[in-house]
Structure formats: C-alpha cells, structure tokens
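**Student:** The structure's right below; bear with me while I get my questions together.
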Amino acid sequence: MHVHDGRGQFHARVTMLWRAQHYFYLTLCYIHRYSPKHNFMDEIQTSRLTGASSVSIGVFYKDILPLARLWSRNVNHIRWEDRLRFYNHHPFFPFSHTVIWDSTCFRVQRATEWQYSRFVVNGHYDFPCFLVLLGITLTGDLVFGSDLFRVNAYDAHLFEDTRHLHPQLPHELNIGDGHFATCPGFSTPVQKIGGRQLTVAEAIYNKWLQLVRSRVEHLNSVVKQHQMFKGEPYRGWVKNLSCFVKITLHASAAEIRQREKKNGAPRYAGYGWWPHQ
C-alpha cells in the first residue's frame, strides 16, 4: 500500500487504496503474458483502470515495477515450517523425510559481452539460463525458493550455500536426485559407479525414489506455466527477472494452499498423522 514518487522513495498510500490490488494484478498479468516483441500492456485493463485510466507500458515501468521490487522484498507466502505437518509423509518414506529438492532453470537472452554471459552459459543446458533451487513437501506444498544462481552452479552447492535459509532438525532427511549425493541427510538414487550393475533391490529402491521425487518436477511446470518462463527467452534487467521469479514463487505457494482449502485435500495425498521422528 505504497506510492512510488519517481525518485526512488515510497510513501504510504492514503487515497485510492484499491490501486495497490489492481497494480499487483497487472504485475501478475505482465508475468503471465510477457512477450519481448509485443506490447500487450495496452490490451490489459481492470474493472477500474479502463479507458483514459488504463495502464500503458510506460506507466508500468515507471510506477508499478518499482512497487513490484518493493513487494518482492517483503512478500512472505512460502512457509518453511509447513514441512513438519503431521501428514507430510509417504508410504515409502513414512518417518523422517520432509522435503524434496531440485533446481529449475529460467531461460534468458544471452548478453553479447562475455563478462555477463558467462553467468548464464554452460554445457548442461543448450540455452542461456539462471538456476533456482526449489524445495517442496511430500504433499506438494512449496516451502523453499531461492534467488537466482549462475547456471554452472552445482545443486549440492546451492543447497549448502542456502542452508542458513532452510534450517532443519538433526533427524530430518531429504529426497533429491544424484546431484545431491554429496549432501548429508539426503536419499538419492543408487548410481552405477565404476560400471557396476544394480541389484534387484537397488533398482526397486530407485523406482520408489523417483516416484516420489517426480513431484518436484511437476511443481517446476506449475511455476513455469507463465509466458515469461516458457516462451521466448526473457530480455531485460536481471534484477527485474529476480523480482518476477520471487513474486511467482510466492504466488504459486499461496495458490497451492488455496486449492488445498478448496478441495479439502493437498495436491498429493498425505500419509499418516504423526510427527517426523
């Protein structure tokens, strides 16, 4: 509920309080319908921002985008403590596992200068991008989302570098792919190291693990269902992209919780009703 004065300062809004909600809606529209080649802001109106009061792309960048950066610094809809819910279990992992981890990429336009493009180019992805580390519960709630990281960062390093942001109890365990094998407290797939063949028990365990771990990949598609992240590469200031990604993550977390209330059940069925031992 603030107003940007155009000089980098904000003051509390005292009139037309409804504008804050409408401006936030337009921010979500910008993320969802983004296109680097088409100025679609002239097509977006709200119930009270119509005609001469409609928002142009110039007004969006001058007045709304600074507010969006302010919102991204204060938004708080991702709840880390939700991982300890009594029904956050799975029949295959019924006691101590609380969070499933994975990194996801956000595609961007490569800069012409190597001093900038070296942060978004590596040999793993065939397109320039940034990485974001995500953590979800076994029932599909988003409980952690990191800032943007350079694309050549290793998943295990992302987890360790952000550990202070997601502290865990000594007995908690996590689920991840082979990139997290070097992190303590992780259940990861058994790998064919040195050409060895997996035993029948190891192959079954890997299938069990992948069945549960695939839930975080489903969430990746939910987060990136917006045109800014699935269409043409994002072209713009990286700080703006960081703002849009953070708002999207928190909005996705809030939407998932609202769907859970509406449906009377989480995205994935929980198991049991006991604390994480």
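Quick note: the coordinates plus some simple rules give every number you see, no bench work behind them. None of the values given here were measured: they were computed from a predicted structure. Glycine also receives a Cβ, built like all others from the backbone with ideal geometry; neighbour counts cover every protein chain displayed.
**Student:** Pop the C-beta distance of residue 277 and residue 80 into the FRET formula with R0 = 30 Å and round what comes out to the nearest 0.05. Spell out each step's value before the answer.
**Tutor:** Values: r = 19 Å, r/R0 = 0.65.
The value I calculate is 0.95.
**Student:** What are the trypsin sites (Lys or Arg not before Pro) within segment 139-212 that DSSP puts in a loop, where the Cβ has at most 10 other Cβ atoms within 10 Å?
**Tutor:** 192, 196
**Student:** Follow-up. Pull up all non-local amide H partners of residue 143: gap of 5 or more, or a different chain, and H-to-H distance under 5 Å with H placed in the peptide plane.
**Tutor:** Result for residue 143 returns 135, 136, 137.
**Student:** Compute the projected area of the convex hull of the Cα atoms of segment 1-141, averaged over all viewing directions, and report it in nm² to one decimal place.
**Tutor:** Its Cα hull, projected and averaged over all orientations, spans 13.6 nm².
**Student:** Under 8 Å for C-alpha pairs, at least 6 residues apart: give me the relative contact order for segment 2-74, rounded to a whole percent.
**Tutor:** 33
**Student:** Evaluate Rg over Rh across segment 206-277, taking Cα atoms for both radii and Kirkwood's formula for Rh.
**Tutor:** Values: Rg = 16.0 Å, Rh = 14.8 Å.
Rounded to two decimals, Rg/Rh equals 1.08.
**Student:** Based solely on its DSSP helices, what 222 nm [θ] is calculated for the chain when runs of n ≥ 4 H residues each add -39,500 (n - 2.57) and the sum is averaged over all residues, nearest 500 deg cm²/dmol?
**Tutor:** -10500 deg cm²/dmol
**Student:** Can you compute the FRET efficiency between residue 62 and residue 154 using 1/(1 + (r/R0)^6), with r the Cβ-Cβ distance and R0 = 35 Å? Round to the nearest 0.05.
**Tutor:** Step by step, r from the Cβ atoms, then E = 0.30.
**Student:** Quick one: give the max-minus-min coordinate of the C-alpha atoms of segment 20-99 along each principal axis, largest first, in Å.
**Tutor:** Extents along the principal axes: 58, 25, 23 Å.
**Student:** Still on this model: Could you tell me the convex hull volume per residue, in Å³, taken over the Cα atoms of segment 129-277?
**Tutor:** Taking only Cα atoms, segment 129-277 has a hull volume of 154 Å³ per residue.
**Student:** With everything on Cα atoms, drop me the angle between helix 200-223 and the longest principal axis of the chain, reported from 0 to 90° to the nearest 10.
**Tutor:** Roughly 10 degrees between the two axes.
**Student:** Could you pull out every Cys in the chain that lacks a partner Cys with its beta carbon under 4.7 Å away?
**Tutor:** Lone cysteines by the Cβ rule: 29, 183, 243.
**Student:** Using the number of other C-beta atoms within 10 angstrom as an exposure proxy, rank 46, 199 with the fewest first. Write out the running numbers ahead of the final one.
**Tutor:** Values: 46 17, 199 10.
Starting with the residue having the fewest Cβ neighbours, the order is 199, 46.
**Student:** A follow-up question, please. Where does the chain land on the Kirkwood hydrodynamic radius, alpha-carbon pairs, in angstrom?
**Tutor:** 20.8
**Student:** To continue, here is another question. Which loop chymotrypsin sites (Phe, Trp or Tyr not before Pro) in segment 84-127, with loop taken from DSSP, have no more than 11 other Cβ atoms within 10 angstrom of their Cβ?
**Tutor:** Values: sites: 86, 87, 92, 95, 101, 106, 114, 116, 119, 125; in loops: 86, 87, 92, 95, 119, 125.
Those that pass, being in a loop and sparsely packed, are 86.
**Student:** How high is the relative contact order of segment 80-236, in percent, with contacts defined as C-alpha pairs under 8 Å that are six or more residues apart? Please list the in-between numbers first.
**Tutor:** On the way: 228 pairs, mean separation 37.7, N = 157.
Reported relative contact order: 24 percent.
**Student:** Among the listed pairs 224/262; 37/230; 37/62, which have their C-alpha atoms separated by more than 26 angstrom in this model?
**Tutor:** none
**Student:** Explain nothing, just the number: relative contact order of the chain, from Cα pairs under 8 Å at least 6 residues apart, as a whole percent.
**Tutor:** Dividing the mean separation by the residue count of the chain yields 24 percent.
**Student:** Quick one: which residues, 5+ away or cross-chain, put their amide H under 5 Å from the amide H of residue 13? H built at 1.01 Å from N.
**Tutor:** Hits under the 5 Å cutoff: 2, 3.
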